[in-house]
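Rule-based calculations on the coordinates, nothing more; no lab input. Just so it is clear, the structure is predicted and the values come from calculations on it, not from any experiment. Neighbour counts are summed over all protein chains in view; Cβ atoms, including those assigned to glycine, are modelled from backbone coordinates with ideal geometry.
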């Protein structure tokens with residue numbers, strides 16, 4: 001990591017980038033309010049041959065010891081990444097609510113949920129057009145038709161869309177509609193998919209695999225970052241343990257651990273962690289208290305009829321209770337809530 005002086009010129013920054021590329025490495029620029037930091041990524045011997053100590057405009061060099069270089073907290077030198085999507089922000093001092101149907105089932109269901117989520121003040125609408133299911137006989141999603149319904153919901157509400165990508169062949173269709181591409185727990189280590197999403201240019205919401213360590217999770221983020229996308233949101237969605245009272249076990253400690261290791265925002269998915277709607281609000285409060293940058297939850301107008309994950313989906317009054325928690329609790333911890341007093345998204 002090459003830290004430039006505050007008064008470094010564009011020419012001096014350009015010289016450092018050229019030198020990094022000359023030795024066969026890749027340069028990644030991170031421009032803060034005062035300093036520019038340049039990451040030199042490549043073979044260790046080639047990085048060692050840069051010879052940039054004392055070069056014009058260079059303040060100092062810092063070796064990044066973690067195997068995840070671009071995702072490391074060292075890369076941003078204490079600054080937190082804020083992912084901004086159409087004026088909605090996650091990370092830093094900004095807390096956000098992402099909500100919507102786990103699966104897009106029909107036009108009526110999708111639009112009803114989208115308006116309810118918008119009225120509750122959510123920052124973004126989540127919805128699955130493609131669904132990874134344990135059983136090959138279970139509903140797999142509507143595919144391109146589901147994306148079309150999400151686009152209609154976006155047109156009506158103005159909410160940015162978060163939707164899952166399962167296959168590299170679906171990326172072009174998803175990019176046309178989505179504002180954030182989600183990688184599900186089962187695909188966290190699908191490195192071909194991660195690499196291609198890094199090139200696609202969309203922010204990526206990366207869910208932790210149910211049996212993945214935090215280091216493995218951050219290494220998965222590195223695959224995305226190395227291909228050019230640093231707008232990555234990490235999502236803790238529960239891990240598999242011996243406990244059977246809940247669908248998974250929410251690893252609440254993963255939030256501060258990941259935040260200490262990485263500059264990336266970390267959000268929590270209490271829906272998939274618990275599998276129980278009665279636990280979503282309490283777990284959301286816990287996520288806020290521990291310092292999460294946001295939460296993502298399932299919402300359905302009639303959970304008993306849902307084609308996927310009905311027992312964990314919130315209905316109207318529960319969504320309003322959750323929105324109240326998101327409105328009032330983050331400011332107590334010095335965070336800016338993404339939900340206004342009147343239920344409309346706060347644009348900053």
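Rounded to the nearest 10 degrees, the angle from helix 214-226 to the longest Cα principal axis of the chain is 70 degrees.
Over the C-alpha atoms of region 2-63, the Rg to Rh ratio, Rh being the Kirkwood estimate, stands at 0.93.
Is region 239-348 rounded, prolate or oblate when judged by the Cα gyration tensor, a ≥ b ≥ c being the square roots of its eigenvalues, rounded requiring a/c under 1.5 and prolate requiring a/b larger than b/c? Oblate, because a/c is 1.5 or more while a/b does not exceed b/c.
Mean residue ellipticity at 222 nm, helices only, the chain: -10000 deg cm²/dmol; runs of at least 4 DSSP H residues each add -39,500 (n - 2.57), and the sum is divided by the number of residues. Averaging the Cα positions of each part gives two centres, and for region 147-202 and region 272-312 these lie 21 Å apart. Exposure proxy for 41, 98, 2: other Cβ atoms within 10 Å of each Cβ, ordered fewest to most, give 41, 2, 98. With r defined as the distance between the Cβ atoms of residue 191 and residue 82 and R0 fixed at 25 Å, what FRET efficiency is calculated, to the nearest 0.05? About 0.40, to the nearest 0.05. With neighbour counts taken as other beta-carbon atoms within 10 Å, the residues 103, 229, 241, 246 rank, fewest first, as 241, 246, 229, 103.
Computed from the C-beta positions of residue 242 and residue 137, the FRET efficiency with R₀ = 30 Å rounds to 0.60. At full extension, residue 315 and residue 145 could sit 58.8 nm farther apart than now, given 0.36 nm per residue minus the alpha carbon distance. In this calculation the C-beta distance from residue 66 to residue 253 is compared with R0 = 22 Å, giving a FRET efficiency of 0.70. Modelled label positions at residue 11 and residue 276, each set 7 Å beyond Cα in the direction of Cβ, lie 6.7 nm from each other.
With the cut-off at 1.5 for a/c, could you classify region 173-262 from its C-alpha gyration tensor as rounded, prolate or oblate? Since a/c reaches 1.5 and a/b is larger than b/c, the shape of region 173-262 is classed as prolate.
If the chain linking residue 173 and residue 324 were pulled fully straight, counting 0.36 nm for each residue of separation and taking away their Cα-Cα distance, it would gain 50.8 nm. Rounded, prolate or oblate: which fits region 83-337, taking a ≥ b ≥ c as square roots of the Cα gyration tensor eigenvalues, rounded meaning a/c under 1.5, else prolate when a/b beats b/c? The shape class here is rounded. Rounded to the nearest 10 degrees, the inclination of helix 316-332 to the longest alpha-carbon principal axis of the chain is 30 degrees.
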